[in-house]
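Accompanying notes for the structure given below.
The values are calculated or read from the model by the stated rules, or taken from the named source; none is laboratory data. Note that the coordinates shown come from a computational prediction; the quantities given were computed from them, not determined experimentally. Please note: Cβ atoms are built from the backbone with ideal geometry, for glycine as well, and neighbour counts cover all protein chains shown. With ligands, DNA and RNA removed, areas are computed over all heavy atoms of the protein, side chains included. Shrake-Rupley method; radii C 1.70, N 1.55, O 1.52, S 1.80 Å.
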2 protein chains.
Amino acid sequence: MSSQSSTQSQRPTPEHFFRSINAFHLTRALKGALDLDVFTAIAEGNTTAKALAESRQASERGMRILCDFLAVAGFLTKAGGKYELTPDSAMFLDRRLPSYVGGAVEFLLTPTMLQAFDDVAAAVRKGGTVINDEGTMSPDNPFWVRFARAMQPIAFGMAKMLTEFIKLDPGKKTKALDIAASHGMYGLAFARQYPNLEVVAVDWANVLEVGRENAEKFGVADRWRALPGSAFDVDFGANSDKGYDLVLIPNFFHHFDPPTNEKLMRKIHAALNEGGRAITLEFVPDEGRAEPPHAVTFALTMLVTTPRGDAYTFSEYEKMFADSGFSRSELIQLPMGIERMIVSYK
Amino acid sequence: MSSQSSTQSQRPTPEHFFRSINAFHLTRALKGALDLDVFTAIAEGNTTAKALAESRQASERGMRILCDFLAVAGFLTKAGGKYELTPDSAMFLDRRLPSYVGGAVEFLLTPTMLQAFDDVAAAVRKGGTVINDEGTMSPDNPFWVRFARAMQPIAFGMAKMLTEFIKLDPGKKTKALDIAASHGMYGLAFARQYPNLEVVAVDWANVLEVGRENAEKFGVADRWRALPGSAFDVDFGANSDKGYDLVLIPNFFHHFDPPTNEKLMRKIHAALNEGGRAITLEFVPDEGRAEPPHAVTFALTMLVTTPRGDAYTFSEYEKMFADSGFSRSELIQLPMGIERMIVSYK
């Protein structure tokens, strides 16, 4: 893990290969630590293998081996036989905090996801998922209910950040469409910020139940409406009353090929008021698809879980939006570096 | 993968967590690349996604996504849409070369190994493997036949290196015992070097068939003898004729607890001639168990696959050997940095 860069500069060794083929050990060690709630235990002051073992009804030897692994992997520091949390672990892996993201394993290590990665070669041969014809894209797939519940905490922070970049007129009655709303966090963050904003959330009916819960929790249920169904098929209802000022499309386009995305983009374009904006939140690799690492590698997840999904570059998005009638798009690098935002203007 | 170190120094982000929980993607991508023999295809001159797809009957899109992943992961370089092998990949992942180590997946990703890592928390609670009472340590476990075949190429290089450090008198009739001989590579490397050396190899009968094949291939079958059974139970035959000058114990002690190891060390001590040496090849973490990474993290593999195994420090080995009657032990850092050697003198 830590010596990767130096490996390549010296005489050839198979170390990087062995470390990488065993990379699943890290996944499993981290999952084990979350199952045992080791990070919270350390935050509570149990800093030795002995104290941790006692606090979690585990063996001292097992706890020492696990914590040594986590220290090497950069999740703990170790000095004089005592383990401490790194700043990242303290913020995101202590279960008592609202910033806890450990619940994401319920989605990222779901049987469907593990199965999708079981035979990468088969997906490369086929050029898409081999789970079944639609992968995780089948209607009402319970996979997305898991996603909604698991990714809620991390989306909460992301959504709040989005409202710092995208401003609406607070005095005006406005309308936002939240596509593939999931937990609803993105639309809800705007609804909390703007008392005159009405939000319409599109997703599968089973998934929108999670969004509904959150709308009630945030006290904005009267301005939040569920529109169940496929974003490609449902009527966005932009004609009956008036159009949308904002359409949010967080983490959705990556599941489809460009022609499919353009179909949806044209539908979004038609539903927007003049001057309205489409806000895309995505894993966007640089043009050469060499950086940033997580955006480049995310494409593999799309290859193995969807028929035709991908991680698109900004120029690919720009073209899709332009071809769908949008006047211009801009790429915005968000401070929390995992995803990027594309703002496309009608 | 590449930005781990910088992550920790900035304001807290969950990036390292998400990258790490998804670490199994790397395992699976690499396995997929080996299944498709992508590295050999690149070595053969197929350097674009299109050419690679054609040479391996795969989709271009799948190949591009996979190769981009491999480039980010440090196995390929990418420039102008062309992929090239890194020096490490060229040496160790081109199937046409004897230095190819990709076969190791047949052992490292064997169903038993994957199952062992399925529930790390349970192993930490118990303090040992939860596969069954003995884990991979049960008699005649076919797991070790897989190991023998898969690890042969990498052991070949290691064994050759060992003979550069451990010298015998070429003019004298000598005898070596190869414990947990597996593919037999370690004993065979010495047999090839010393025409007056006789090698006795101990392992399960099913495993020793692999060693026998290699002894014949190397033309030393007349001086190589299989001694099937558990190293703890079989008679090393040191009394009947004469004792051993060398006892090789490559990658064996890590499967057991110190009392069990000392039992075997005493048996080895008794089988050695005066001045004889026990050569231990192992993953040996530094005293603080913080470095080197692979040796520290290897302990987790022992936790989940064996009842009581561990990655022992040199001072722990030194004590075990001293308590078993050895006069002194020395730690030797090998040039190929994965394992370390301990030489213990009778």
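Here are a few things to note about the model shown:
- Taking every DSSP helix (H) stretch of at least 4 residues in chain A, weighting each as -39,500 (n - 2.57) and dividing the sum by the residue count yields a mean residue ellipticity at 222 nm of -13000 deg cm²/dmol.
- Pairing chains A and B buries close to 7700 square angstrom of accessible surface in total, based on protein heavy atoms and a 1.4 angstrom probe.
- GNM top mover of A:Ser89, A:Ser59, A:Ser182 - chain A, alpha-carbon springs below 10 Å: A:Ser59
- Counting heavy atoms of the protein chains alone, A:Thr260 has an accessible area of about 40 Å² for a 1.4 Å probe.
- Modelled this way, with points 7 Å down the Cα-to-C-beta line, the labels at A:Leu97 and B:Glu134 are 4.7 nm from one another.
- Among the protein heavy atoms of the stretch B:203-335, carbon and sulfur supply 51% of the accessible surface, probe 1.4 Å, non-protein parts ignored.
- The stretch A:26-165 - Rg (one decimal) and Dmax (whole number), Cα, Å: 18.2, 54
- Segment B:Lys173..B:Ser327, full-extension length gain: 53.0 nm, with 0.36 nm per residue of separation and the alpha-carbon distance subtracted.
- The simple spin-label model puts a point 7 Å past each Cα toward its Cβ; for A:Ala290 and A:Glu54 those points are separated by 5.4 nm.
- Most fluctuating residue given options A:Arg64, A:Arg95, A:Arg125, as computed from a GNM of chain A linking Cα atoms under 10 Å: A:Arg125
- At 7 Å out from Cα toward Cβ: A:Asp286 inter-copy label distances (nm, ascending): 3.3
- Mean shadow area of the stretch B:223-346 over all directions, Cα convex hull, nm²: 8.2 nm²
- For chain B, the longest principal axis of the Cα atoms and the long axis of helix B:293-305 meet at an angle of about 80 degrees.
- Rounded accessible area of A:Ile279 (nearest 10 Å², 1.4 Å probe): 0 Å²
- Across all directions, the average flat footprint of the convex hull enclosing the Cα atoms of the stretch B:244-303 is 4.5 nm².
- Overall form of the stretch A:167-280 per C-alpha gyration tensor (a/c, 1.5; a/b vs b/c): oblate
- Range in chain B, longest, excluding exposed GluC sites (Glu not before Pro) [loop by DSSP; at most 14 other beta-carbon atoms within 10 Å]: B:135-286
- Beta bridge orientation in the stretch B:63-217: antiparallel %, DSSP, nearest 5: 40 percent
- Long-range amide H partners of A:Trp224 with built H, under 5 Å: A:Val199
- Segment B:Phe18..B:Thr112, full-extension length gain: 31.2 nm, with 0.36 nm per residue of separation and the alpha-carbon distance subtracted.
- Between copies, A:Glu84 shows label-point distances of 4.5 nm, shortest first, with the point placed 7 angstrom from Cα along Cα to C-beta.
- Shape category assigned to chain B from the gyration tensor of Cα positions, a/c cut at 1.5: prolate
- Per residue, the protein assembly as shown exposes 37 Å² of solvent-accessible protein surface, assessed with a 1.4 angstrom probe and all protein chains in place.
- Cα Rg over Rh - the stretch A:94-208, Kirkwood: 1.07
- Scattering profile of the protein assembly as shown at q = 0.06 Å⁻¹ [log10 I(q)/I(0), Debye over alpha-carbon scatterers]: -0.41
- DSSP-defined antiparallel bridges as percent of all bridges, the protein assembly as shown, nearest 5: 45 percent
- Note on chain A: GNM, Cα springs under 10 Å; of A:Val247, A:Val207, A:Val124, the largest mean-square fluctuation is that of A:Val124.
- Our estimate of slack between A:Asp233 and A:Arg212, defined as 0.36 nm per intervening residue step minus the Cα-Cα distance, is 5.5 nm.
- Gyration tensor (alpha-carbon) shape descriptor, the stretch B:69-112, a/c threshold 1.5: oblate
- Bridge type composition, chain B - antiparallel percent by DSSP, nearest 5: 45 percent
- Label point of A:Pro228 (7 Å along Cα→beta-carbon): distances to the other copies' equivalent points are 6.4 nm, sorted ascending.
- Here the stretch B:1-102 is treated as an ellipsoid with the same Cα gyration tensor; its semi-axes, largest first and in whole Å, are 27, 15, 13.
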